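**Q** Here's a structure for you.
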Amino acid sequence: QKEVEQDPGPLSVPEGAIVSLNCTYSNSAFQYFMWYRQYSRKGPELLMYTYSSGNKEDGRFTAQVDKSSKYISLFIRDSQPSDSATYLCAMRTQGGSEKLVFGKGTKLTVNP
Amino acid sequence: DVKVTQSSRYLVKRTGEKVFLECVQDMDHENMFWYRQDPGLGLRLIYFSYDVKMKEKGDIPEGYSVSREKKERFSLILESASTNQTSMYLCASSPTGGFQQYFGPGTRLTVT
């Protein structure tokens, strides 16, 4: 089993839809959970992060972490064509290795 | 704002050539990373450096070497480029203990 699993999609939705992106993981020592957004021909940029469990909201974006299920989600409300990008989940432990473990990314297209 | 720059956006090299990819960050970060990104395979870590002259192999170091002579600069070297090294190469940096990695714009390398 890979440390982090993410459905690569692609995912295509109409404008205004609610989008749900998910990752599962196997390492219970992960404490930092991140979502990166990568536009075409650009480097990834941090979109949101959560420390340990719980929810975090930022505008139309909500990140959720369920450590009991080892499952994280990113919800996008009222999706816009400008949200079209690849979304990568990433995780790391607290202390220990400085490396991040990335999911493979989900390519999202929001159609006008 | 953190800035990570990469020496080239696009590069075309011939099989057997020695290739240098350079990355510079301006935020005094201790950690620097080289990844390659391929469709269906996601981001894969090639090498990681946690200090000047210090390096650690990532998941796919074969065929690559790195150099970090100054804190702000991290170079990736392809000793003898091969067609299977055609890829998008991404550099990133982070502070020690920080969870966020800051990415450069990437170099699209084609080896013919």
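**Q** Can you tell me which condition A:Leu108 does not meet? The list is (1) part of a strand (DSSP E or B); (2) out of contact with any Asp or Glu (no Cβ under 8 Å at 6 or more places or on another chain); (3) open to solvent by less than 50 Å² (accessible area, probe 1.4 Å), and all the others hold.
**A** (2)
**Q** Before we move on, is B:Arg73 touching a Leu at 6+ places or on another chain (Cβ under 9 Å) and basic (Lys, Arg)?
**A** Answer is no for this residue.
**Q** Return the only residue of B:Arg68, B:Arg108 being within 11 Å of chain A (Cβ to nearest Cβ), of a type outside the set (A, V, I, L, M, F, W, C) and in contact (Cβ under 8 Å) with a residue 12 or more places away in the chain.
**A** On the way: B:Arg68 fails: within 11 Å of chain A (Cβ to nearest Cβ).
Going through B:Arg68, B:Arg108 in turn, the sole match is B:Arg108.
**Q** With respect to A:Thr24, is the statement that it is away from every other protein chain (no Cβ under 13 Å), buried (at least 16 other Cβ atoms within 10 Å of the Cβ) and under 25 Å from B:Ser94 (Cβ atoms) true? Walk me through how you get there before you give the answer.
**A** Values: away from every other protein chain (no Cβ under 13 Å): yes; buried (at least 16 other Cβ atoms within 10 Å of the Cβ): yes; under 25 Å from B:Ser94 (Cβ atoms): yes.
So A:Thr24 fits the description; yes.
**Q** For region B:47-65, give me each residue that is farther than 20 Å from B:Val12 by Cα and either more than 14 Å from chain A (Cβ to nearest Cβ) or aliphatic (A, V, I, L, M) (or both).
**A** B:Val52, B:Lys53, B:Met54, B:Ile60, B:Glu62
**Q** What single numbered condition from (1) under 14 Å from the mean Cα position of the chain (by Cα); (2) away from chain B (no Cβ under 11 Å); (3) modelled with pLDDT of 95 or more fails to hold for A:Phe33?
**A** Every listed condition holds for A:Phe33 apart from (2).
**Q** Go through (1) out of contact with any Asp or Glu (no Cβ under 6 Å at 6 or more places or on another chain); (2) facing another protein chain (nearest Cβ under 8 Å); (3) assigned to a loop (DSSP other than H, G, I, E, B) and name the single condition B:Leu90 misses.
**A** Condition not satisfied by B:Leu90: (3).
**Q** For region A:41-89: of the residues being within 11 Å of chain B (Cβ to nearest Cβ) and hydroxyl-bearing (Ser, Thr, Tyr), which is most open to solvent (accessible area, probe 1.4 Å)?
**A** A:Tyr51
**Q** Looking at region B:48-65, which of its residues are without any contact (Cβ under 8 Å) to a residue 40 or more places away in the chain and not charged (D, E, K, R)?
**A** Within region B:48-65, B:Phe48, B:Ser49, B:Val52, B:Met54, B:Gly58, B:Ile60, B:Pro61, B:Gly63, B:Tyr64, B:Ser65 meet the criteria.
**Q** Sticking with this one: Is it fair to say B:Ala81 is open to solvent by less than 20 Å² (accessible area, probe 1.4 Å), more than 14 Å from chain A (Cβ to nearest Cβ) and modelled with pLDDT of 95 or more?
**A** The answer is yes for B:Ala81.
**Q** Would you say B:Thr86 is modelled with pLDDT of 95 or more, in contact with a Leu (Cβ under 7 Å, 6 or more places away or on another chain) and more than 21 Å from A:Leu46 (Cα to Cα)?
**A** yes
The values are calculated or read from the model by the stated rules, or taken from the named source; none is laboratory data. On a predicted model such as this, the values are computed, not experimentally measured, just so you know. Quick reminder, even Gly has a Cβ in these numbers, built from the backbone with ideal geometry, and neighbours come from all protein chains shown. Keep in mind that these areas ignore ligands, DNA and RNA; they rest on the heavy atoms of the full protein, side chains included. Shrake-Rupley method; radii C 1.70, N 1.55, O 1.52, S 1.80 Å.
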